[in-house]
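One structure below.
No value in this document is a laboratory result; all are computed from the given coordinates. Please read all numbers here as calculations on a predicted model, not as lab measurements. All Cβ positions, even for glycine, are placed from backbone atoms using ideal geometry, and neighbour counts span all protein chains on display.
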Amino acid sequence: MMGDVQFVMGSHVSKTTLTLGRGSPSKEPPVFTLPPRNTRVCQGGTARLEGKVRGFPEPQVCWFRKGKLLIAGDHYSMEHSARGSFSLVVQEVQDDDGGRYTCETVNDAGSCQVTVEIIVEGNAGKKYSLPSSNRAGGSLGVPAVENRPSIWGESPPKFVAKPSRLYLKVGQSGKFSAKITGRPQPLVQWYKPVRP
């Protein structure tokens, strides 16, 4: 018995459900509904990596650099709200703060990781600006392209939560769920194998 396939689009996260009836799991593994993005910052400036996560029970968020857990203090500060918003703030950024940072979110149902990069620019005199001959209309309020957060590159599809086996009696309802991340947005299809 086939059901409807529903696609719920989020930022870089695809949630798909094959519904055979009612019922949902009480625990939900964490998933980034708004992943943090790469950012550029001038030396001496403040870098802010922020995003949103959801799951049940409420996921915890940790940040790692070069495999080591970051601890809040004078240089790093971390925030995490009850609504799933989180951030890592790096104060007075220097050259050695540039590089990759891994954000991990964990709850009883599972975990999820994403890695982003802080790119440190030289001193303020070396900022790039848009050429005056560009086709954007020459508006002075437009920030330099290099100072905007970088767009994520491609990443292969990956199961954040895999479907699990269901044991049902005849006439009983059931539900398969899966969560997949990837860029560009993965296409998800469900198949029912034909038994010989």
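Before moving on, here are some points about what is shown:
- Length released on extending from F64 to Q113, taking residue separation times 0.36 nm less the Cα-Cα span: 16.6 nm
- Formal net charge of residues neighbouring E58 (Cβ-Cβ distance under 12 Å; K, R +1; D, E -1): +1
- Sorted peptide list for 60-72, 30-42, criterion being average Cβ within 10 angstrom, highest first: 30-42, 60-72
- Placing one equal scatterer on every Cα of the stretch 31-129 and applying the Debye formula, the log10 ratio I(q)/I(0) at q = 0.18 Å⁻¹ is -0.81.
- Applying a threshold of 32 Å to the alpha-carbon distances of K52/K192; K66/K192; K68/K179; K68/K162 flags K52/K192; K66/K192 as lying beyond it.
- Segment S26..M78, full-extension length gain: 15.9 nm, with 0.36 nm per residue of separation and the alpha-carbon distance subtracted.
- Gain in span if fully extended, L166 to I71, counting 0.36 nm per residue against the direct Cα distance: 30.0 nm
- The aspartates and glutamates whose alpha-carbon is closer than 16 Å to the alpha-carbon of K158, local same-chain residues fewer than 8 away aside, are E104.
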